[in-house]
Structures are given as C-alpha cells and as structure tokens.
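The values are calculated or read from the model by the stated rules, or taken from the named source; none is laboratory data. Quick caveat, the model's predicted, so the values are computed rather than measured. Cβ coordinates were reconstructed from backbone atoms using ideal geometry, including for glycine residues, and neighbour counts include every protein chain displayed. Note: areas computed on protein heavy atoms with side chains; ligands, DNA, RNA excluded. Shrake-Rupley method; radii C 1.70, N 1.55, O 1.52, S 1.80 Å.
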Amino acid sequence: MEGIDFYGEVVCHCYRVSELVERVCVELNHTELQEELKEAAMVHDVGKFYVKKGILCVKRPLTSMEKMVVDMHSMYGYSVCERLGYSKEIGQLVLLHHGIDKWFVNPADVLPSVKRSYNILRACDIWDALVSNRVYREALSVGEAYKVLVNSVDLPTEICQAIYRISDMC
C-alpha cells in the first residue's frame, strides 16, 4: 500500500459507495431514495480534501485530536455542498454520514427524507471501508466485515442484512 494515491482512493471509495447504495435501495425496495442517495454518496467524502493528508494516511491508530480533525471532513463536505448549490438533502446526508449524533444535530432539524435514508449511506460507507484495503490495514473478509457492521455500529439490521446478501452475490 506504499505510494497509494490517497485522493484517488477517496474518489474510488465514493464511487463504490454510490454503486452499493444503488444496490441496497433496490434490495430494500427503496428506489424512491436511490437517486438522492447515489448523488450524496458520490460527494460524501469531499471534505477529506480539506483535511491534512498526513493525518489521513498515518499507519497507526489516530490520537483523539487527530480523530477529531478527521471527523471534521463531514462538516467541510457539508459546506462544500452548500457552496456548490447541492440540495439541502444532499448537504445533510454528507454532514450526517457518520451519524446524527456526531454534530449534536437536533433531530427535529433533519429533513424527513434524510431521516429515512441516511443510515443506508452510513452503512454503505462503513461497509466499503471495511472490505477495502486501507493505509493502516488490509481489507476484511465479507464475514468479518458483517460481524463488525452489526456488532459495533448502531444501524438498522435490515440494512446490514441487505448489504451482506448483496455482497454474497458478488
């Protein structure tokens, strides 16, 4: 993994998440959410381009301060979406793709369509991160990734199961 094109990998990750989002929406019969979620998935990590590459590429566990800096990518992404004229839904999905509690967002302020769909984006983002090689570790197997997804993250079971079923078909 030496010499990895980190920013190229961010773009590839966003594309893979977008493709997975599409398949999960079909699997769960949520095709009405599909286009908005695919668009959000394509830009969900744009904020990483505003985080120092040296922090994003460390090969050790992040310090609490570094983790806080990395977590800011959701906020930066939200700002980019606003500046570029994306819809409020896309902006909120980008902001919340690591969880609604991350930014102390009042749930009453989250748009109804985002409340219905942000967990699909979260789950697909986490899944791709688990099953892809990272600068700090090798990719997990589908079985290992599923265990992590269902045991360590507060996500609806039906979304986790849909991702597993889709992955099993590949």
**Study point:** Condition met for residue 95 (farther than 17 Å from residue 134 by Cβ and either of a type outside the set (Val, Ile, Thr) or open to solvent by less than 70 Å² (accessible area, probe 1.4 Å) (or both))
**Key:** yes
Review point. Given the structure, is residue 48 free of Cβ contacts under 8 Å to residues at least 24 places away in the same chain, closer than 23 Å to residue 136 by Cα and assigned to a helix (DSSP H, G or I)?
Key: no
Study note, to complete from the structure: Reported set for segment 1-48 where residues are of a type in the set (A, V, I, L, M) and modelled with pLDDT under 95 is 1, 4, 10, 11, 33
Revision key, fill the gap. Turns out the helices (runs of 4 or more DSSP H) fully within segment 70-170 with at least 3 residues that are over 15 Å from the mean Cα position of the chain (by Cα) are 73-84, 112-131, 142-152, 157-169
Practice item. Check off (1) surrounded by 14 or more Cβ atoms within 10 Å (Cβ to Cβ); (2) among the basic types (Lys, Arg); (3) part of a loop (DSSP other than H, G, I, E, B) for residue 59 and give me the number that stays unchecked. Key: (1)
Review point. Can you find even one residue in segment 126-137 that is open to solvent by 70 Å² or more (accessible area, probe 1.4 Å), modelled with pLDDT under 95, farther than 19 Å from residue 23 by Cα and polar (S, T, N, Q)?
Key: yes
